[in-house]
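Where a number appears in this text, it was derived from the coordinates with a stated rule and is not lab data. For clarity, every value in this text was computed on a predicted model and none was experimentally measured. All Cβ positions, glycine included, derive from the backbone under ideal geometry; neighbour counts span all protein chains shown.
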Ligand SMILES: C[S@@+](CC[C@H](N)C(=O)[O-])C[C@H]1O[C@@H](n2cnc3c(N)ncnc32)[C@H](O)[C@@H]1O
């Protein structure tokens, strides 16, 4: 199951998607942390901490964060589990990974969601924050998540979901399609970062429905699969191995 169809305005076909993503995230890496902060009205760190706690992350758990970007979710996790030594950061973009290393003294691994070079049954918890749309294939990624979690281990996938109401959809589109890319250009001075934020909206618009994400988690072996919607726009998918 592909998270969204090929976005041929940006790359030729799905075989080119990962190379495209490496380039756009590498090119924007040094701006990303700032955009993730002000672009979400400084609420992102708190939201991540609360979502992790809601899902049951607790002191001393061993956790792996996939699609970690510059490490926002991984840092929130380190605070909760009590030590960066309990956190493994997985991120395919070299630029994003280097930015994360500056702020978190954890193991950092350059890898994609579908092929994580860690042993089987190794983690109590796996998180993916706002990166699901970037994986090549949901089933392959979720089977890999299942492999690396201990029996009874939990996965939490945070994502943005588009609101169903007409007015809230319009406001969300206005912000992510036009305002955020425009402000990104102004505040960062980077055309590459602006381009990434415009691309971000397209992936939101084209993302498969949540029932297909839930089906893929179940087909990959997970139990107790559920989606919680928070504040109307945040999806939190939880599942247990
Ligand atoms: C929006 S950032 C997410 C940052 C962070 N997780 C957070 O909580 O905000 C999306 C990240 O997904 C990464 N990514 C792209 N393709 C991926 C793949 N196939 N597997 C895992 N991560 C991928 C990108 O390099 C990027 O750093």
Modelled label reach - residue 233, point 7 Å along Cα→Cβ, region 75-89 residues with backbone N closer than 19 Å: none
In what order do 93, 43 fall by count of nearby beta-carbon atoms within 10 Å, going from fewest to most? 43, 93
Packing-based ranking, highest mean first, of 221-229, 17-25 given that Cβ atoms within 10 Å are counted: 17-25, 221-229
Starting from the Kirkwood Rh over alpha-carbon pairs, what translational D in µm² s⁻¹ does the chain have by Stokes-Einstein at 10 °C and 1.306 mPa s? 88
With a point put 7 Å past each Cα toward its Cβ, work out how far residue 107 is from residue 187 in nm, to one decimal. 3.4
Compute the Cα gyration tensor for region 140-207, then decide on rounded, prolate or oblate, letting a ≥ b ≥ c be the square roots of its eigenvalues: rounded whenever a/c is under 1.5, prolate when a/b is larger than b/c in the other cases, and oblate in all that remain. oblate
Nearest 10 degrees is fine. How inclined is helix 191-206 to the longest principal axis of the chain, computing both from alpha carbons? 70
From the Cα trace of region 167-241, what convex hull volume per residue do you get, rounded to a whole Å³? 117
In a Gaussian network model of the chain with springs linking alpha carbons closer than 10 Å, the residue among 90, 160, 118 that fluctuates most is 118
Under a 10 Å cutoff between Cα atoms, tell me which one of 186, 80, 64 has the largest fluctuation in the Gaussian network model of the chain. 186
Quick check: residue separation of residue 15 and residue 162 times 0.36 nm, minus the Cα distance between them. What number comes out in nm? 50.3 nm
Roughly what % of DSSP beta bridges within region 22-151 run antiparallel, to the nearest 5? 10
How much length would be gained if the chain were fully extended between residue 223 and residue 1, taking 0.36 nm per residue of separation minus their Cα-Cα distance, in nm to one decimal? 78.1 nm
Going by how many other beta carbons lie within 10 Å of each one, how would you line up 158, 171, fewest first? 171, 158
At R0 = 30 Å the Cβ-Cβ FRET efficiency linking residue 173 and residue 121, nearest 0.05, sits at 0.10
How high is the FRET efficiency between residue 139 and residue 41 when r is their beta carbon distance and R₀ equals 51 Å, given to the nearest 0.05? 0.90
Anyone know which of 138, 174, 149 comes out most mobile in the 10 Å Cα GNM of the chain? 174
For the chain, what is the percent of antiparallel DSSP beta bridges, rounded to the nearest 5? 45
Relative contact order, percent, the chain [alpha-carbon distance under 8 Å, six or more residues apart]: 20
